[in-house]
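Input: a single structure, listed below in structure tokens.
The values are calculated or read from the model by the stated rules, or taken from the named source; none is laboratory data. Being a predicted model, the structure only gives us computed values, none of them experimental. Counting neighbours? That spans all protein chains shown, and the Cβs are built from the backbone with ideal geometry, glycine included. Protein only, heavy atoms only, side chains kept; ligands, DNA and RNA dropped before computing areas. Shrake-Rupley method; radii C 1.70, N 1.55, O 1.52, S 1.80 Å.
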Amino acid sequence: QDLVEEELNHLRQSIERRGAGHTFAEYLEKAEKSEEDLRAEMRASVERRLRQELVLGSLATKLEISLDDASLEALAKQDAAEIGEDPVRFMARLRAEDRWEGYRERKVNDRVFAKLRETAVIREEETA
């Protein structure tokens, strides 16, 4: 429930921060939704995302995939170079915006998916 409210508040702030004179109420009107309708959609989205995070976290543990700080910083430097950004600034921005751990999670998830692709066995099934 708290995560849903957090998402709703984030959306509200994002809409009003973008400017252009739009308010959250105008957003709801344009989307033809009530705040409760939006809350219900967000609840379903949050629940789905939490289930995905739990499954991916469990797979990362079983596959013994993790990233220490030094490895994560090395990946961040590579990503910064790819987009032409100063690595120190890139990492500082992630940390300042409280996105460093989310970045770590995405990189671990990338490794989980890579491992799954690498070890997947695809079988063709005959249809009757």
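Here is how the numbers come out for the structure above:
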item: Size of electric dipole in the range 3-91: Cβ of Lys, Arg +1 and of Asp, Glu -1, about Cα centre, debye, nearest 20; result: 160 debye
item: Rounded tilt (10° steps) of 69-82 against the dominant C-alpha axis of the chain; result: 70 degrees
item: Rounded D (µm²/s) - the range 35-128, Kirkwood Rh over Cα pairs, Stokes-Einstein at 10 °C, 1.306 mPa s; result: 99 µm²/s
item: Tensor-based shape of the range 1-73 (alpha-carbon gyration tensor, a/c under 1.5 rounded, otherwise prolate or oblate); result: oblate
item: Cβ-based charge dipole, the chain, positive-most Cα from SER14, PHE90, VAL121; result: PHE90
item: Accessible area per residue, Å², the chain with all protein chains present, probe 1.4 Å; result: 77 Å²
item: Accessible surface of the range 1-86, 1.4 Å probe, proportion on carbon and sulfur as whole %; result: 49 percent
item: For the range 112-128 and the range 72-90, distance of Cα centres in Å; result: 33 Å
item: Overall form of the range 39-79 per C-alpha gyration tensor (a/c, 1.5; a/b vs b/c); result: oblate
item: Under 19 Å, Cα to Cα: Lys pairs in the range 1-125, sequence gap 8 or more or different chains; result: 4
